[in-house]
Structures are given as structure tokens and as C-alpha cells.
Amino acid sequence: GCVRIGQQLGLDRSRLENQDPEEIQALSDALRGRNILVPDPDSPDWTLERCIAWLESKGLDQKRMLVTDSLQSVYSNCAAEADSLRQEIEAKMRTLEAAAKRGASVWTTSEMNRSAYRNKDAAANTRGIASGAESLSIEYVSRVMIVLEGDCEEIVTAILEKNTPGGVRPTFKLKFDKDRATFSEVSRKDAEALALEV
């Protein structure tokens, strides 16, 4: 997570990964004055609930954002009480929904179920809105759902499958910038030209 943040701020990914002292200091300087927590993804101590409690303890009013990547892999206290993966995902979604109702902007990634990508013919696959792995609660609780299709080495198609606030559901093309770890929108014409080039 810290490496991605650093990349987006224009810092060098390989120097960050190799923990170059000057690059680490540059990242620390760039983030000074911000309340950012990037918990150890391998530590079961940093559960979803603990991260939310940390976020809410900062008293940031409407400036709270929680990013969960991914819903299926994040540790949670509710996992022990669930009898199945479906129940675990549903409990995590209820936890995230409650944080959103208390004022956090909640963003989460989700693995896709196999039926969403197993066929070469996209028309034969599950629709993106039903692609959340393990549970339909992902679809029901989410206010906005964006499905990414394609290969980030080429062009990615972003499909706005659900948009409760506005109703409009556009599709657009994205190109991934590895150096900055960001996507930028490209026109359909440019996307077609890049696809032909690849």
C-alpha cells in the first residue's frame, strides 16, 4: 500500500520497495500532516473492525475514507462466527455499511466469481453486477459498482454496473501507468489504436 501511495506521489517504486532511506524520507515528508494507516496485510491483529475504530478515533468528520483490498482477504472479527465464506462476506459488508452510515467513504475491491470470467465469449459470462465472489450482498449493499475487464498491460474497460446516487452507467477505457500506479482515461479511438499496436 505504501509503495502505491509513493508511486502516485511521483516517487520511485523500486527505491521504495528496496527501502532506500532517501526515498522513504521523501514519502514520510510527503505524508506529514495526514492521518494514514496502512496495516500489515499479513497481521491478523489488524482486523477490519480495528481499522474502522482507528479511523473513527481520529475525529475527522466527513474526511474519513476506508479502502479495503480485498473484501475476501481482509481479516475480520466476524469471520470466526461465520459458518461459510458467504456468511463471512455478508458480515464484512454489514460492517462496512455501518462505517459508511457513520460518515466514512468506503471503497472496497472484491474478487470475482469464476462465472464472471471463465468464458472467452464475454456474453456467456455472469453480468458484472453479480460478479462478487461468494455473496450477492456485495451487489445489494454497494451504492456504486465498477467492474474492470481486460489486461492492465493493454487497455482496461471500466463498466459502471451500479450507480445508485446518479443512475447513469457509462463504460470507459483506461490505460495503466506502471510508474505512477494510476489509471487514466483514453478515448475509444486511442484504445482501439493501442489494442491494434499490442
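The values are calculated or read from the model by the stated rules, or taken from the named source; none is laboratory data. What you are looking at is a predicted structure, and each value in this text was computed from that prediction instead of being measured. Cβ placement follows ideal geometry from the backbone for every residue including glycine, while neighbour counts extend to all protein chains displayed. Each accessible area value is taken on the protein alone, full model and side chains, heavy atoms only, with ligands, DNA and RNA left out. Shrake-Rupley method; radii C 1.70, N 1.55, O 1.52, S 1.80 Å.
Quick notes
- The residue of region 79-108 that is modelled with the highest pLDDT, among those that are open to solvent by less than 20 Å² (accessible area, probe 1.4 Å) and out of contact with any strand residue (DSSP E or B) (no Cβ under 9 Å at 6 or more places or on another chain), is ALA91.
- If the condition is being surrounded by 13 or more Cβ atoms within 10 Å (Cβ to Cβ) and modelled with pLDDT under 85, then region 53-62 contributes only LEU60.
- Residue tally, condition charged (D, E, K, R) and within 20 Å of ARG94 (Cα to Cα), over region 46-81: 6
- Checking the stated criteria, LEU66 turns out not to satisfy the condition of being part of a helix (DSSP H, G or I) and open to solvent by less than 50 Å² (accessible area, probe 1.4 Å).
- Failed criterion for ARG50 (all others in (1) at positive phi; (2) open to solvent by 80 Å² or more (accessible area, probe 1.4 Å) hold): (1)
- Enumeration of residues in region 137-149 that are exposed (fewer than 14 other Cβ atoms within 10 Å of the Cβ) and either among the aromatic types (Phe, Trp, Tyr) or over 14 Å from the mean Cα position of the chain (by Cα) (or both): TYR140, ARG143
- Counting the residues of region 164-198 that are farther than 13 Å from GLU154 by Cα and of a type in the set (Gly, Ala, Ser) gives 4.
- Among (1) on the phi < 0 side of the Ramachandran plot; (2) more than 19 Å from the chain's Cα centre (by Cα); (3) modelled with pLDDT of 90 or more; (4) not basic (Lys, Arg), the one test that GLN19 misses: (1)
- For region 150-183, taking the residues that are polar (S, T, N, Q) and under 16 Å from the mean Cα position of the chain (by Cα), the one that is most open to solvent (accessible area, probe 1.4 Å) is identified as THR182.
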